[in-house]
Amino acid sequence: MDGGVLNFLSVSQLKQFNLCTRRWYFAKVLRLPEPETKAQALGVEGHAQLEHYLRTGEDVLGDVARAGRHLIPAPGADLLVEESFGTPSPLSADGVPFIGHIDLINPRRLAEGVLRVTDHKFSSNVARYGATPAQLVDASTEAGLQMVGYGVWAALSDARFPGVRVLELEHLYFQTRGAKRAASVLASVSVEHVTREWTEKVVPMVRRMREVARAMRTADAPPNFSACEKYGGCPFKAQCISGERTMSLLNRFIPKPQSPDTAAQLPLTVPHQVIPQPLGTCDRCGETLTPENTSKLRSGEVLHVSCPGAEVAAVLPPDAPPASPTMATDAAPKRRGRKPKVLDVPVTTPHVEHQAPSDSSPSAPSPQGERLCLFVDCVPNMPAASLSEYVAKVAAQVSEAGGVADLRFAGAESTLGFGRWKGALSMAIRNAPPAPGAYAALGLAHSELLQLAVEALEPLCGPGDFVRGAR
């Protein structure tokens, strides 16, 4: 890449671009570093062992590679191992030359017009992640992009492989986890087929890559949110979501810090509950009590909210029924996973002692230092802003960024479709949470947006700063 001009490409770049255009933009246009993953390190080691064995016949194969020894041709000087595309390369698309290496080319049946091209793959689960023969010959798939490119290169190298009519495209898989096993996926196809696939599917893709290479903004490189966790996770998720070091499409729906006088900061009105007057210091930890952090239990103890000496339970409204000693307080419900265990010892929920209503109402939520306090389906015991307003703003900006009226109804053609909007909304909230202070999330059972927001914000709350109403 030089000044937005593609000087050369590789088939691996085609796969990366097809998986996520923005990931390719980060890696090849902006040239952000990509740390090597453990899986990639295993693959590099395995490829080195296979190359040495095929070139020399010396068995240096590890346990993973040795599981597929019966599928590897006998070493010999006629095999082409880690064969380079050459300079100049015969393979190109839309005027852009391709460079690269092919793991193994077996010409032992070339007299019959058959040439086998093999790519070695190291996968954690061969049965789950292995390609099918149909995918190997389809350039619209990830596996096909690579193998069709290799096939076209071989077909164009007619001086080296004269008379080739049939290409055997092979993925030879080696499993890196669990039982050591290997499998061969093989597809036979004509030279005309791979040439047609390259012309009809790859050449238009390279034209799009030329356009993205000239892009000045990250927003011009569309993301694929469904690929964020593939292959160990995208290394550029932080830049894509937060906009670090570069702009991002998601920057458009990350909310800006809110000022205290905005409507989102207006407190909830709680007519039947008031804050007790300052009572000196906390009975357990000695913290100075203020109108914003004072809480008085039925036992008569006066504590401050989030007191490290006692875990403050959910605050119930004045008209709530008395707590039953036979009811246990369960952990916060999870959207997936095992059901939380019920406590062996019944736990009763203490109530806050309420006083007579006051004519004055709180004016703004206390910032509580750098803490984020969240009250879920319960009446807060301090001034609190409505979390619903914050969530509605973020959801609207996510919808606008995705080009839909409502992210929950994004169609299949949208980057937010098939439920991907949930991940986008959660990531936006986690990377730009509301300003420190107290927030109330009421009516959780009736709002999926609010449920996602609470799940995203719960890990950001400190001990005692996340309070959920007892049911």
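The values are calculated or read from the model by the stated rules, or taken from the named source; none is laboratory data. In this text the structure is predicted, and so the values were computed from the model without any measurement. Cβ sites come from the backbone with ideal geometry, for glycine too, and all protein chains shown count toward neighbours. We work out accessible area using only protein heavy atoms, side chains counted, and drop any ligands, DNA or RNA first. Shrake-Rupley method; radii C 1.70, N 1.55, O 1.52, S 1.80 Å.
For residues that are open to solvent by 50 Å² or more (accessible area, probe 1.4 Å), acidic (Asp, Glu) and over 21 Å from residue 408 (Cβ atoms), tally how many sit in segment 450-471.
Selection size over segment 450-471: 1.
Just to be sure I understand the filter: pairs with C-beta atoms under 9 Å, separated by 6 or more residues or on different chains, first member in segment 159-184 and touching a residue at least 12 places away in the same chain (Cβ under 8 Å) and on the phi > 0 side of the Ramachandran plot, second member surrounded by fewer than 22 Cβ atoms within 10 Å (Cβ to Cβ) and in a loop (DSSP other than H, G, I, E, B). Which pairs pass?
163/113; 178/124; 178/125
Can you find, within segment 1-42, the residue that is modelled with the lowest pLDDT among those that are in a helix (DSSP H, G or I) and among the charged types (D, E, K, R)?
Restricting attention to segment 1-42, the residues satisfying the condition of being in a helix (DSSP H, G or I) are 11-19, 21-29, 38-42.
Checking the rest, the ones that are also among the charged types (D, E, K, R) come to 15, 22-23, 28, 38.
On the way: 15: 91, 22: 91, 23: 90, 28: 89, 38: 82.
Among those residues, the one meeting the criterion is 38.
Can you tell me which residues in segment 110-164 are over 25 Å from the mean Cα position of the chain (by Cα), closer than 16 Å to residue 100 by Cβ and of a type in the set (S, T, N, Q)?
Within segment 110-164, 118, 157 qualify.
Any residue in segment 10-38 that is over 17 Å from residue 207 (Cα atoms) sitting within a Cβ distance under 7 Å of a residue that is open to solvent by 20 Å² or more (accessible area, probe 1.4 Å) and at pLDDT 90 or above? List the pairs, counting only those 6 or more apart or interchain.
23/16; 27/16
Applying the selection to segment 31-47, what residues are under 21 Å from residue 180 (Cβ atoms) and either open to solvent by less than 70 Å² (accessible area, probe 1.4 Å) or under 20 Å from the mean Cα position of the chain (by Cα) (or both)? Can you show your working first?
Initially, segment 31-47 is screened for residues under 21 Å from residue 180 (Cβ atoms), giving 37-47.
37, 38, 39, 40, 41, 43, 46, 47, listed by residue number.
Out of all the residues in segment 378-412, which are crowded, with 21+ Cβ neighbours inside 10 Å, within 28 Å of residue 226 (Cα to Cα) and among the polar types (S, T, N, Q)?
Within segment 378-412, just 399 meets the criteria.
I'd like the full set of residues that are free of Cβ contacts under 8 Å to residues at least 24 places away in the same chain and closer than 22 Å to residue 170 by Cα, limited to segment 41-55.
Our first condition is that a residue be free of Cβ contacts under 8 Å to residues at least 24 places away in the same chain; within segment 41-55, this holds for 41, 44-45, 48-49, 52-53.
Scanning segment 41-55 gives 44, 45, 48, 49, 52, 53.
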